[in-house]
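One structure is given below, represented as C-alpha cells, and several questions about it will come after.
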Amino acid sequence: MITLALSKGRIFQETLPLLAAAGIEVLEDPETSRKLILATNQPDVRVVLVRASDVPTYVQYGGADLGVAGRDVLHEQALASDGAPGLYQPLDLKIARCRMSVATRVDFDYAAAIKQGSRIRVATKYTETARQHFADKGVHVDLIKLYGSMELAPLTGLADAIVDLVSTGGTLKANKLVEVESFMEISSRLVVNQAALKLKRDKLRALIDAFASAIPA
Ligand code: PRT
Ligand code: MG
C-alpha cells in the first residue's frame, strides 16, 4: 500500500492533475465526504487528508509514504526543528503558488520605522521564518504567534505588521492593508519518507517520475 498525505483545498485540487498523470483517480470528494482516508482507482494507493502543516510530520514519521507540502510549511518546520531528517524532497511541483510578504496598515510607514531602528511588532503564523527574515535585514522585531486571520492584527492594534502568504492580493486589499515587502516565492514540494523510498522503491519511483512529467510550466 502507498499512502499519500494531502491537505484539503488548494493542495488537494492542484494535485489531482498530477495524480491523473500517474493514472490515479481519487474516488471521493473531500469537500462532500467526511472521510479522512480516501480510496483511489488503484487498490494499493490511498490518500489521507491532514492539516497542511501536518503533512511533513506524517511523512517524516511514516504515517504516509509521501505528501505534498508548501515551501512555507517546510521552511518554517526546518527552522523550528533543525532540518527535516528523514524527508526527501525530490520535486518542486510548482502548484499552490504564492509569496511570503510583510504587510502593514496604509498609514504605517514601514520604511521610516526601519530607518529609525524602531522595534516593529509583527504578528504571524510563520514566527521562525519571520525571525530569520528580519534578523537578516538587521531589523528589531517583537513576534506575536497567531494561528489564522493575521490580517486582523494591524487593524486592531495588536501588531504593526504581519508576515503572511499573498497570492492575488485580494485579502490584503479587502482589509485595507498594503504589501510592503515580498521575500520568498512559495510553491508546493513533493516530500517522500526516506525509509519508504528504499522499501517501496519501484512504486514510489514510478509515482515520482509520473508527477515530474506533469509539473505545470
Ligand atoms: O486552512 P488551514 O488552517 O487548515 O491551513 P492552511 O491555511 O495552511 O491551508 P491552505 O489549504 O489554506 O494552504 C495550504 C498551502 O497552500 C499553504 O501552505 C501554501 O503553501 C499554499 N498557498 C498558496 C496558500 C495561498 N496560496 C494563499 N493565498 N495558502 C494560503 N493562502 C491564504 C493567505 O494566508 C491569505 O489569507 O490566502 C489569503 C491570501 O490570498 P489572496 O489571493 O487574497 O492574496
Ligand atoms: Mg487556509
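Among the residues of the stretch 25-42, which ones are in a loop (DSSP other than H, G, I, E, B) and open to solvent by 10 Å² or more (accessible area, probe 1.4 Å)? Walk me through how you get there before you give the answer.
Taking the stretch 25-42 and keeping what is in a loop (DSSP other than H, G, I, E, B), we get 25, 27-36, 41-42.
E25, L27, E28, D29, E31, T32, S33, R34, K35, L36, N41, Q42 - these are the residues of the stretch 25-42 that are in a loop (DSSP other than H, G, I, E, B) and open to solvent by 10 Å² or more (accessible area, probe 1.4 Å).
Could you tell me which numbered condition I95 fails, if it satisfies all but one of (1) outside any loop (DSSP other than H, G, I, E, B); (2) within 16 Å of ligand 2 (Cβ to nearest atom); (3) touching a helix residue (DSSP H, G or I) at 6+ places or on another chain (Cβ under 8 Å)?
(1)
Please pick out the residue among V50, V106 that is surrounded by fewer than 22 Cβ atoms within 10 Å (Cβ to Cβ) and within 16 Å of ligand 2 (Cβ to nearest atom). Before the answer, list the steps.
Details: V106 fails: within 16 Å of ligand 2 (Cβ to nearest atom).
Answer to the selection: V50.
Among what's in the stretch 122-155 and is surrounded by fewer than 16 Cβ atoms within 10 Å (Cβ to Cβ) and charged (D, E, K, R), pick the residue that is farthest from E181 (Cα to Cα).
Residue satisfying both the conditions and the ranking: K145.
What's the total number of residues in the stretch 37-78 that are without any contact (Cβ under 8 Å) to a residue 60 or more places away in the chain, touching a helix residue (DSSP H, G or I) at 6+ places or on another chain (Cβ under 6 Å) and more than 15 Å from ligand 1 (Cβ to nearest atom)?
Residues flagged as without any contact (Cβ under 8 Å) to a residue 60 or more places away in the chain, touching a helix residue (DSSP H, G or I) at 6+ places or on another chain (Cβ under 6 Å) and more than 15 Å from ligand 1 (Cβ to nearest atom) within the stretch 37-78 amount to 0.
Would the stretch 100-113 turn up any residue that is of a type in the set (D, E) and assigned to a helix (DSSP H, G or I)?
The answer is no; no qualifying residue exists.
Out of curiosity, is D160 free of Cβ contacts under 8 Å to residues at least 12 places away in the same chain and more than 15 Å from ligand 1 (Cβ to nearest atom)? Spell out the reasoning first.
Working: free of Cβ contacts under 8 Å to residues at least 12 places away in the same chain: no; more than 15 Å from ligand 1 (Cβ to nearest atom): yes.
For D160, the condition - free of Cβ contacts under 8 Å to residues at least 12 places away in the same chain and more than 15 Å from ligand 1 (Cβ to nearest atom) - is not met.
Let me ask something else. For the stretch 172-203, which positions are surrounded by fewer than 16 Cβ atoms within 10 Å (Cβ to Cβ) and among the hydroxyl-bearing types (S, T, Y)?
S182
Another one. Scan the stretch 1-40 for residues that are closer than 25 Å to S213 by Cβ and of a type in the set (V, I, T) and jot them down.
If the condition is that a residue be closer than 25 Å to S213 by Cβ and of a type in the set (V, I, T), then I2, T3, I11, T15, I24, V26, T40 are the ones that fit.
Can you confirm whether A206 is modelled with pLDDT under 95 and open to solvent by 20 Å² or more (accessible area, probe 1.4 Å)? Can you show your working first?
Working: modelled with pLDDT under 95: no; open to solvent by 20 Å² or more (accessible area, probe 1.4 Å): yes.
Considered against the rule, which asks whether it is modelled with pLDDT under 95 and open to solvent by 20 Å² or more (accessible area, probe 1.4 Å), A206 comes out as no.
Continuing with the same structure: Quick one: would you say L16 is at pLDDT 95 or above, in contact with a strand residue (DSSP E or B) (Cβ under 6 Å, 6 or more places away or on another chain) and more than 16 Å from ligand 2 (Cβ to nearest atom)? Full working, then the answer.
Numbers: at pLDDT 95 or above: yes; in contact with a strand residue (DSSP E or B) (Cβ under 6 Å, 6 or more places away or on another chain): no; more than 16 Å from ligand 2 (Cβ to nearest atom): yes.
Here the answer is no, as L16 does not meet what is asked.
The values are calculated or read from the model by the stated rules, or taken from the named source; none is laboratory data. From a predicted model like this one, the values you see are computed outputs, not experimental measurements. Counting neighbours? That spans all protein chains shown, and the Cβs are built from the backbone with ideal geometry, glycine included. Ligands, DNA and RNA are excluded from the accessible area calculation, which covers all protein heavy atoms including side chains. Shrake-Rupley method; radii C 1.70, N 1.55, O 1.52, S 1.80 Å.
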